[in-house]
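Bear in mind that the values in this text are calculations on the coordinates, not laboratory data. This is a predicted model, so every value here is computed, not measured. Glycine also receives a Cβ, built like all others from the backbone with ideal geometry; neighbour counts cover every protein chain displayed.
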């Protein structure tokens, strides 16, 4: 199946090449050109570009050809691999890494001892590391302290359970306010499944576990938040608003999401807010741990220089730059435990993001994980709506 996809993408790749989709820029000098591909918002690119310029100044024999791909990133990376024009260095995440690693398209790598072990595990395939991690993505519960204060409720505590969570959400659902967010993307219901001992794939990737009792128990609890208890908005009640927008509007008391929202909430929230860990199911509080990092194409003709770039971007100083904005949970422990992350800004309990790493689990991802999710999408849409 995967081989057929690459044949089709190869044909498309040649087509796009003919029409200038991939532009090999001329460096105009004798420097070695390293192509580097990454997605990223404007704020991320504003951090990244000065770092790339600094790398060039420290390595005068190297020029970085930065390919910023803000949309349809992996679709375009597929095309580049299929047309044998893959960038030397590729920013990648653990959901797509197995596709390329399994096909032999990525260079095996090594990383130092400064990284969280689970971040290295997430970017490995067949016990081999294929990307050096930049950040860790996990989930916490953001909560509006002003709404809790208004209704005289205690703030959530670390050892709260699913039942505590439900009671809290029920007490907060009033006056046009919903207790908790609800999103149909896999990322946001996996914590409910994992905390009951379930999930999509078994940890060894040998089978689907979606129909097993533990998974069904977690799915039912999540669906009931919306359909039975109505403490989460129905699809038509949120309309075109995102959960983050509803939280900022004061229409959500609690929002399950990740660190990427911290800069937005710092800037736009007109109320006091904080974070707490996801509540405990029968197996504890377990959320998926995902990771992004830098990989090197096996086809690169400049692997030494590509490795220098990866080492530079994953260095303590570079990760500090990415962390300062509040956007990421750094994959380097020495940065996570520094003032760059624990910066005494909101959220007050920022350490929760680090504590959650200890109890989280790298998402089990197979080569055909996206196909599996696509096949399950209709089933979940029916269940949730």
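Points worth noting:
- Computed extension gain for residue 128 through residue 343, at 0.36 nm per residue and net of the alpha carbon distance, reaches 74.0 nm.
- Whole-Å semi-axes of the ellipsoid equivalent to the stretch 282-336 (Cα gyration tensor, √5λ, descending): 28, 17, 8
- Distance histogram for the chain (every C-alpha pair counted, 10 angstrom bins, percent rounded to whole numbers): 5, 22, 30, 25, 14, 4, 0
- Cα-based helix-to-principal-axis angle, 73-82 vs the chain, degrees rounded to 10: 30
- DSSP beta bridges in the stretch 31-188 [antiparallel fraction, %, rounded to 5]: 25
- Listed peptides 168-175, 320-327, 287-294 appear in the order 287-294, 320-327, 168-175 once ranked by packing, highest mean of other Cβ atoms within 10 Å at the front.
- Stokes-Einstein diffusion for the stretch 332-385, with the hydrodynamic radius set to the Kirkwood value over Cα pairs and evaluated at 4 °C in a medium of 1.567 mPa s, equals 89 µm²/s.
- Efficiency of FRET from Cβ geometry, residue 32 and residue 150, R₀ 51 Å, rounded to 0.05: 0.25
- DSSP beta bridges in the chain [antiparallel fraction, %, rounded to 5]: 65
- Segment residue 208-residue 121, length gained on full extension (0.36 nm per residue, minus Cα span): 29.3 nm
- Computed from Cα atoms, the angle from the helix 162-172 axis to the main principal axis of the chain rounds to 70 degrees.
- Estimated D of the stretch 25-73 in µm² per second, where Rh is the Kirkwood radius over Cα pairs and Stokes-Einstein applies at 25 °C, 0.890 mPa s: 211
- Between residue 102 and residue 377, the contour length at 0.36 nm per residue exceeds the alpha carbon distance by 96.5 nm.
- More than 20 angstrom apart: percent of Cα pairs within the stretch 138-215: 44
- Taken over the stretch 23-169, the alpha-carbon convex hull comes to 197 cubic angstrom per residue.
- P(r) tail, the stretch 181-317: Cα-Cα pairs separated by more than 17 Å, 70% of all pairs.
- Per-peptide average of other Cβ atoms within 10 Å, ordering 69-76, 248-255, 132-139, 229-236 highest first: 132-139, 248-255, 229-236, 69-76
- FRET efficiency for the residue 270 to residue 175 pair, using the beta carbon distance and R₀ = 22 Å, is estimated at 0.80.
- Degrees separating the helix 213-227 axis from the principal Cα axis of the chain, which is the longest one: 70
- Estimated FRET transfer efficiency (residue 317, residue 351; beta-carbon r; R0 35 Å; 0.05): 0.95
- With coordinates expressed along the principal axes, the C-alpha atoms belonging to the stretch 202-255 extend over 43, 23, 18 Å, beginning with the largest.
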